[in-house]
Amino acid sequence: MVKLAHKQLENPSPSKLEKYLGEFVYGGIDGCVTTFAVVAGSVGAGLDSAIIIILGFANLLADGFSMSVGAYLSSKSERDNYSKHRKREYWEIKHMPEDEKEEIRVIYQEKGFEGELLEQVVETITSDRDRWVDVMMKDELGMMKDHKSPLIIGFVTYISFISIGLIPLMLYVWDYFQPIDQDLFLLTSLLTGLGFIIIGLLKTYVNETKMWKGALETLFLGAIAAVVAYYVGDILEQLLTK
């Protein structure tokens, strides 16, 4: 029974790929949505392919860098905050052991433990300082340590933003060097839609939701962003060229 009480402290370790899949998915979604919005807005404004490429890549590199820095700083801030509270718990255990022991007792009373079993659990937990602090961090403060590296989070976010965000620009780059005798925006919309579906399917793996729901949700949001950008570009072009 005491061993069962500690199983809640154990979490299965995901693979390195799974650990950062969430960052890849959301970086990719943001990259694809924002770049496609730039392309759609430029097409709506009647800009030629060369300008679309310039604006698209400027957005891709600058926004991707901004998002990756934001992801890095956010992760680092959370890690620093966790470390600060963990150090405080060690200090409290050292200087106020009885008070902290009583807090453990209250925590496990609320979980349904009582009598001799409760005291066994309290003694087992408080016999190891690190285990004691782990319980306080999780059950008192509701904080869990994130084992992911802030640097890798920022890097994965940037790579994902760039790689998936390239999809709406691919055909325009191709057309610049080897003209395509087709409706570029239509072909780009179809290709980008496929990209949204793929990244949406990956999102369902992260969120553990239905595949069709994740794919359609991502496709719908991307389409809304593109429609808004297209008509904003079209309206501004008409207003500014009058």
message: Residue under question is Ile159, and the condition is that it be touching a residue at least 40 places away in the same chain (Cβ under 8 Å) and under 28 Å from the mean Cα position of the chain (by Cα); does it hold?
response: yes
- prompt: Just wondering, is there one or more residues in region 135-157 that are under 25 Å from Gly41 (Cβ atoms), surrounded by fewer than 17 Cβ atoms within 10 Å (Cβ to Cβ) and either modelled with pLDDT of 90 or more or charged (D, E, K, R) (or both)?
  reply: no
message: Looking at region 168-179, can you tell me whether even one residue there is assigned to a loop (DSSP other than H, G, I, E, B), of a type in the set (D, E, K, R) and more than 19 Å from the chain's Cα centre (by Cα)?
response: no
Matching residues in region 195-229 - criterion: being at pLDDT below 75 and surrounded by 21 or more Cβ atoms within 10 Å (Cβ to Cβ): Lys203, Gly214, Thr218, Gly222, Ala226, Ala229
task: Go through region 58-95 and give me each residue that's farther than 30 Å from Ile29 by Cβ, open to solvent by 70 Å² or more (accessible area, probe 1.4 Å) and not charged (D, E, K, R).
output: Trp91, His95
query: Among the residues of region 106-125, which ones are surrounded by 10 or more Cβ atoms within 10 Å (Cβ to Cβ) and closer than 19 Å to Met143 by Cα?
result: Val106, Ile107, Tyr108, Lys111, Ile125
message: Tell me yes or no: at least one residue of region 140-149 is in a helix (DSSP H, G or I) and out of contact with any Phe, Trp or Tyr (no Cβ under 7 Å at 6 or more places or on another chain).
response: yes
- prompt: Across region 47-56, what is the total count of residues that are open to solvent by 60 Å² or more (accessible area, probe 1.4 Å) and either touching a helix residue (DSSP H, G or I) at 6+ places or on another chain (Cβ under 7 Å) or basic (Lys, Arg) (or both)?
  reply: 2
message: Restricting to region 83-118, give me the number of residues that are touching a residue at least 60 places away in the same chain (Cβ under 8 Å) and in a helix (DSSP H, G or I).
response: 2
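The values are calculated or read from the model by the stated rules, or taken from the named source; none is laboratory data. Model, not experiment: these values are computed from the prediction. Note that we place each Cβ from the backbone using ideal geometry, even for glycine, and neighbour counts take in every protein chain shown. With ligands, DNA and RNA removed, areas are computed over all heavy atoms of the protein, side chains included. Shrake-Rupley method; radii C 1.70, N 1.55, O 1.52, S 1.80 Å.
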